[in-house]
Every structure is written in structure tokens, then in C-alpha cells.
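See structure below.
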Amino acid sequence: MVTDDMTSESGESSPLVKIRSLLPGLARAEQRVANIVLSDPAAIARRSITEVAEAAGTSETTVTRFCKAIGVGGYPDLRIALAADTARTSTRDRELGSDIAPDDDVAQIIEKVGYTDAKAVEETADQLDADTLEQLVEAVARARRVDVYGVGASAFVALDLQQKLHRIGLTCFAWSDTHNALTSAAVLREGDVAIGISHTGATSETVEALREARRRGATTAALTNFARSPITEAADHVLTTAVRETTYRSGAMASRIGQLTVVDCLFIGVAQRHLEQARAALEATYEAVGGHRLETRPDRRRQKEA
């Protein structure tokens, strides 16, 4: 769960990450203010509250409400946070963080995609709530079984978590089919854990399955990019990613990076709780598939030359 202020336990987090996370849940007038801030945060740090209100077509009172909604006390605090964030952001960062242009060459595409992916991991880690993650780790480590729900791109992340937990001997199922997810959720009970993965937090199939799991008494968790999305209402624990979307990188493309970062943190935390069991299981599973790896041999030409 994101914290109430602009920083996380792990260090400084960009105020823009918080604004993007909360954007869908803001009132329409507040969303206009948010979009103005996101479009040019460096300029906003120098502008008065009156100028921002006029640019957003709203009132100064709405700008103040927006500031409180994102966890800062008022507009002066927002300007300070934006100024500090701008100071941390280099010109190169701003260039690489921009959209991929239609005339960008392959080298520029590689550089921008690499930057965006790395930034998604960095910003997700910066704002990830350690206390919430620890609570979920404890719940999963004690669970009789774990259900993971996700459709589309999130289904691949759900399968990744299933594979990881299975490899250390825990019972975990990933469901992407709506009927299978609902029937599985219906037989969960207290002591089980259900995790819903949805970038938007508004995927109806995932939300519905998580609601059913909660109704049956399971501990529920949501992994989403937006802290005020519908899925969070069905979750006991909320973990958020911090993923930026660009013209060529929809949520389906970009979301995997942040989601997999959180999944890795969750898995390692659970493995620590079952350290000996995890080590033994990893060794056993490695040996089980050993016969399906091709043997790597030194280059024969190099052998002859030697």
C-alpha cells in the first residue's frame, strides 16, 4: 500500500509516481489539475496556485483539495516536492523518459525502452510499502493454498508467481479463466490466500474472483498500478507498481516489469520463511529437469588449437 506522504520507507519517491497512482480515483476537476502537474512538473514548481487553477479550468480550492488527496498538506508543499524532484531529474532522464517518436531509430528505441523498464523497477521499489509486503509474505508463508488471478498480460505474471511458489513446495494455482477462477475462489476458506493482479485494478474478472475469495474467508491481496482502483476494495492488502505508459507501450506491455518486481520481492520473502524447505525443493526441482538441458561443450576448434 502506498504511504500517506510523498516518501516511502526505502527512500525518496517522486511525487509524480503518487499522482499517477491516484489519478483514476480523483474527482474530474482534480484530474485536470493532476494532468497539468504531470505535463510539466518543473514549470508547476515555479507557478502560483492561481495560475495552476486557471490552467486547469478550476478553482484554487480544488487545487488545494488535490494536494490533500495526494498526501501533501497544501500547494506550497507540492511546489517544494516538485522542485526537489526536478532537481533530481537530469536532462538525459527527461529525454529518455519521453515517448518514442515515430522517427526514432532502433538504437534510440533500445535506449528509451531500457530506460523506461529500469525506471519502472526503480520507482516501483521506491514506493513499495514494506509493511504491507511483510504482512502478505507472512500470510502466504502460512497459507494452506494460494490462488492467483490475472487475465491478459497479468495472467503471465500470475503464472510466474505460481511457478515460483510451486518450486519451493507451496501449493499455488494461477487462474486466468473466469469460471475456473470463480469456482476455485468458492472453495477457499480462512487460512488461504488469494491474490488478484490487475494493472488498471478495474479488470472485472479479476475483481470478481477476489471478491468471491474474500467472501469465503480467504486473506486477499491486490497488485495494481492504481491505489484507488476497484480491486483495492476487495483486498486486505494492496501493493502498487509505478509504471509509466507511453505511446507505444500500453499498460499490457509496461505493467509486467513492475508486477514482476513485486512478485520477486514476495517470493524471496516467502522463501526466507521456509529457508531449508526452499533450498531442498529448489535443488530437487533443478535435478529433476537436469536431463533436459543440453550439455555445453568447449569449442572443438579451440581444443585442437590448444
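Write down the percent of antiparallel bridges among all DSSP beta bridges whose residues are both part of the chain, to the nearest 5. Counting DSSP beta bridges with both partners in the chain, the antiparallel share is about 15 percent. A dipole drawn for the chain from +1 and -1 charges on Cβ atoms has a positive end, and of G25, Q108, S14 the residue lying farthest that way is Q108. Against the main long axis of the alpha-carbon atoms of the chain, helix 130-142 sits at an angle near 30°. Counting only protein heavy atoms and a probe of 1.4 Å, the accessible surface of the chain is 51% carbon and sulfur.
Once the chain from R142 to S39 is taken as fully extended at 0.36 nm per residue, the excess over their C-alpha distance is 32.6 nm. Spin-label pair R215-I80: with each label point 7 Å from Cα along the Cα-Cβ axis, the two points sit 4.8 nm from one another. Report, in degrees rounded to the nearest 10, the 0 to 90 angle that the Cα long axis of helix 75-88 makes with the longest principal axis of the chain. Tilt relative to the chain: about 60 degrees.
Distance between the 7 Å Cα→Cβ label points at V187 and E283: 3.4 nm.
The residues packed around T285, meaning those with a beta-carbon under 14 Å from its beta-carbon, carry a net charge of +2 if Lys and Arg are +1 and Asp and Glu are -1. Amide H contacts under 5 Å for A194: D147, T219, T220, A221, restricted to partners 5 or more places along the chain or on a different chain, H placed in the peptide plane at 1.01 Å from N. Overall, the chain carries a charge dipole of about 560 debye about its Cα centre when +1 sits on the Cβ of Lys and Arg and -1 on the Cβ of Asp and Glu, all other atoms neutral.
At a Förster distance of 22 Å, what's the computed FRET efficiency of D131 paired with D236, Cβ-Cβ distance as r, to 0.05? It comes out at approximately 0.95. Legend: P(r) of the chain from all alpha carbon pair distances, 20 Å bins from 0, whole percents, reading 30, 50, 18, 2, 0. For segment 223-237, 3J(HN,Hα) computed residue by residue from phi via the Karplus equation (6.51, -1.76, 1.60; θ = phi - 60°) reads 10, 8, 8, 10, 5, 10, 8, x, 5, 5, 6, 9, 10, 6, 10 Hz, glycine and proline entered as x. Summed over the residues of the chain and divided among them, the accessible surface reaches 52 Å² per residue at a probe radius of 1.4 Å.
Taking other residues whose beta carbon is less than 10 angstrom from the beta carbon of G269, and scoring Lys, Arg as +1 and Asp, Glu as -1, yields -2. Considering only alpha-carbon pairs that sit under 8 angstrom and 6 or more positions apart, the relative contact order computed for the chain is 19 percent. Using the beta-carbon distance between N180 and D104 and R0 = 35 Å, what value does 1/(1 + (r/R0)^6) give for FRET efficiency, to the nearest 0.05? The formula returns an efficiency of 0.25 here. Could you tell me how many degrees, from 0 to 90 and to the nearest 10, lie between the Cα long axis of helix 153-167 and the main elongation axis, the longest principal axis, of the Cα atoms of the chain? For 153-167 against the chain, the angle is about 40 degrees.
The values are calculated or read from the model by the stated rules, or taken from the named source; none is laboratory data. Since we're looking at a predicted model, the values are computed, not measured. Cβ atoms come from the backbone with ideal geometry, glycine included; neighbour counts cover every protein chain shown. Calculation scope for accessible area: heavy atoms of the full protein, side chains included, ligands and nucleic acids excluded. Shrake-Rupley method; radii C 1.70, N 1.55, O 1.52, S 1.80 Å.
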